[in-house]
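Notes follow once the structure below has been shown.
The values are calculated or read from the model by the stated rules, or taken from the named source; none is laboratory data. Treat the numbers as computed from the prediction; the structure is a model and nothing was measured. Heads up, the Cβs are rebuilt from the backbone with ideal geometry, glycines too, and the neighbour counts pull from every protein chain shown. Please note that ligands, DNA and RNA were not included when accessible areas were found on the heavy atoms of the full protein model with its side chains. Shrake-Rupley method; radii C 1.70, N 1.55, O 1.52, S 1.80 Å.
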Amino acid sequence: FGIIGPSNMHFNVKHAYKKIIEITKNNNIKQIIFIGHSRGAIQAFMLSNKLNNNNKLKNIDINIIALDPVAGPIIPKHSKYLNNNIKNLDIFVASECRVPFMTSIIPEISKNTKLNLKNIPTSHNGIVNLKCSREEKGFRSIEAVTAKHVSEYLKLFILNKLIEYKIQIPDANLIKNK
């Protein structure tokens, strides 16, 4: 989900959209939760807008957990706003990220969307624990220790959201590639 470039992001959104169409065809889906990091979060924004444009899917409640949503140098226009099918939007911004083209996107939202915005004191990679394995002389760096705590916090946050939203995990056979 994180390949650089807007055409790849559009391809990923199109593919996920087709999969959702297939799953919802014979199932009464009331809500969906998207969880994405970086460009995956941007694509969650784009996909939710695409779902809102489909009359059969626009009434599905969407909840998004976006972990440091960045688009890179080109920001797709459909990631700059979210339609009113978004019920809950949780955005975690890596406050220690100072990399060019890695500015977090906070989309415009509907007045009915519940927004939860948090700064996490870690880097863009640290927000998903990508630097946790670095050790020097048997000691982990401060960044690695912070990343481990951040990932534990996010794991618990996501599990609690799944419970709060009463999300039912679909049958694995529904989502397998055929």
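Data for the structure
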{"quantity": "Scan of region 110-126 for residues that are open to solvent by less than 60 Å² (accessible area, probe 1.4 Å), under 13 Å from ASN88 (Cα atoms) and in a loop (DSSP other than H, G, I, E, B), ordered by number", "calculated": "SER110, THR113"}
{"quantity": "Residue within region 84-100 that is closer than 19 Å to ASN8 by Cα and touching a residue at least 24 places away in the same chain (Cβ under 8 Å) present", "calculated": "no"}
{"quantity": "Residue tally, condition touching a His at 6+ places or on another chain (Cβ under 8 Å) and either among the acidic types (Asp, Glu) or in a loop (DSSP other than H, G, I, E, B) (or both), over region 25-68", "calculated": "2"}
{"quantity": "Residue check, HIS37 open to solvent by 40 Å² or more (accessible area, probe 1.4 Å) and at pLDDT 90 or above", "calculated": "no"}
{"quantity": "Criterion (polar (S, T, N, Q), closer than 19 Å to ILE167 by Cα and modelled with pLDDT of 90 or more) met by exactly one of SER48, SER110, SER79", "calculated": "SER48"}
{"quantity": "Extreme residue, farthest from the chain's Cα centre (by Cα), among residues of region 73-108 that are in a loop (DSSP other than H, G, I, E, B) and crowded, with 17+ Cβ neighbours inside 10 Å", "calculated": "CYS97"}
{"quantity": "Residue among ILE42, ILE35, ILE21, ILE62 that alone is farther than 16 Å from TYR81 by Cα and under 12 Å from the mean Cα position of the chain (by Cα)", "calculated": "ILE35"}
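Per-residue answers, yes or no, for (1) closer than 25 Å to VAL150 by Cβ; (2) aliphatic (A, V, I, L, M):
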position: ASN8; (1), (2): no, no
position: ILE21; (1), (2): no, yes
position: ILE33; (1), (2): yes, yes
position: HIS78; (1), (2): no, no
